[in-house]
Amino acid sequence: MILIVDSGATKADWIAMDAEGNQLFCTQTLGLSPEVLTREIILDRLANNFEISKNKEVVTHLHFYGAGCGTPRMRKFLGEIFQGFFPKAQVEVKEDTYAAIHATTKIGEQAIVCILGTGSNCSYYDGHQLFQKVKSLGYIIMDDGSGNFFGRKLIRDYYYHKMPQDLGMKFAKEYNLDADNLKENMYKQPNPNTYLATFARFIIENKEHAYCKGVIYKGLQQFVNNFIMQFELATKVPVNFVGSIAYYLQDELTEVLERNDLIKGVIRQRPIDGLLEFHKATI
């Protein structure tokens, strides 16, 4: 059995196939980012999924693409956990950028490939190799234009009284904005980046409001400035995206790309379907 996994910070999509490329099952767990989770939490999330736990002894190959896997130390940490859980498997751990590349870009095709979901990232793919100008330092000081970026912005503006009153009242009705509750989730619970990203739904649902529109365009432009424009070929090759923010804000994203003379490429909400086709072709 071959397992293919695309893990963001929020959730992980799993597909199993046999040696002929036939799909056996698909399932989902919470995200498995090694940057913010302990070994115990990761193992618990694996063990609590029926399909994964039931089949762990028959997995021969695990292809894992994950948020938080951008450094050798994190890949080694996660790889050792998987190797223990799937004892007969050949384990391959790569950062989630490779999932975005395989899901949106053909081998031999040049593109800038971006992730805009719970977190954000950007790379240049020359058709064979991946190049990054900016190494992500995570949600606290980076992740421009991402779900947690917008969530953090909303909470800050609400507490600094910069959010328009009508929108602020609506925001307070939809979320528990009690200071103790916010601090508990941001500083004491696992996955604070995922928690912050839950607030991004509000900005998407209210994107026609002038305040939200301004925040969205500013955040997406910041992503373009700090990530995409790092590459000399930025305006010469397609710019592809994966992630829920890119998908649900694709009209706004398209406008920002056009303003910057960038070529819009493929936009996918979930890379997993493209990954399945990629691995079928490479069996």
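The values are calculated or read from the model by the stated rules, or taken from the named source; none is laboratory data. None of these values were measured; they are calculated from a predicted model. Positions of Cβ are backbone-derived with ideal geometry, glycine not excepted, and every protein chain shown enters the neighbour counts.
The residues of the range 72-96 that are out of contact with any Phe, Trp or Tyr (no Cβ under 8 Å at 6 or more places or on another chain) and under 18 Å from Gln129 (Cβ atoms), listed by number, are Pro72, Arg75. Select from the range 217-260 the residues that are aliphatic (A, V, I, L, M) and closer than 18 Å to Met142 by Cβ and write down the one among them that is surrounded by the most Cβ atoms within 10 Å (Cβ to Cβ). Per the criteria, the residue is Ile245.
Which residue out of Ile283, Ile263 is in contact with a Pro (Cβ under 6 Å, 6 or more places away or on another chain) and surrounded by fewer than 18 Cβ atoms within 10 Å (Cβ to Cβ)?
Matching residue, one of Ile283, Ile263: Ile263.
Kindly evaluate Glu51 against the criterion of being acidic (Asp, Glu) and in a loop (DSSP other than H, G, I, E, B). In short, no. One residue alone among Leu249, Leu262 is over 17 Å from the mean Cα position of the chain (by Cα) and closer than 30 Å to Asp126 by Cβ, and that residue is Leu262. Exactly one residue out of Asp144, Asp126, Asp180 is without any contact (Cβ under 8 Å) to a residue 24 or more places away in the chain and surrounded by 13 or more Cβ atoms within 10 Å (Cβ to Cβ): that is Asp126.
The residues listed here are Met163, Met169; of these, the one that is modelled with pLDDT of 95 or more and either surrounded by 20 or more Cβ atoms within 10 Å (Cβ to Cβ) or closer than 20 Å to Asp273 by Cβ (or both) is Met163.
When Lys173 is tested against (1) of a type in the set (Lys, Arg); (2) farther than 25 Å from Glu255 by Cα; (3) part of a loop (DSSP other than H, G, I, E, B), only condition (3) is not met. Considering (1) modelled with pLDDT under 95; (2) part of a strand (DSSP E or B); (3) of a type in the set (Val, Ile, Thr), the lone condition that Thr97 does not fulfil carries the number (2).
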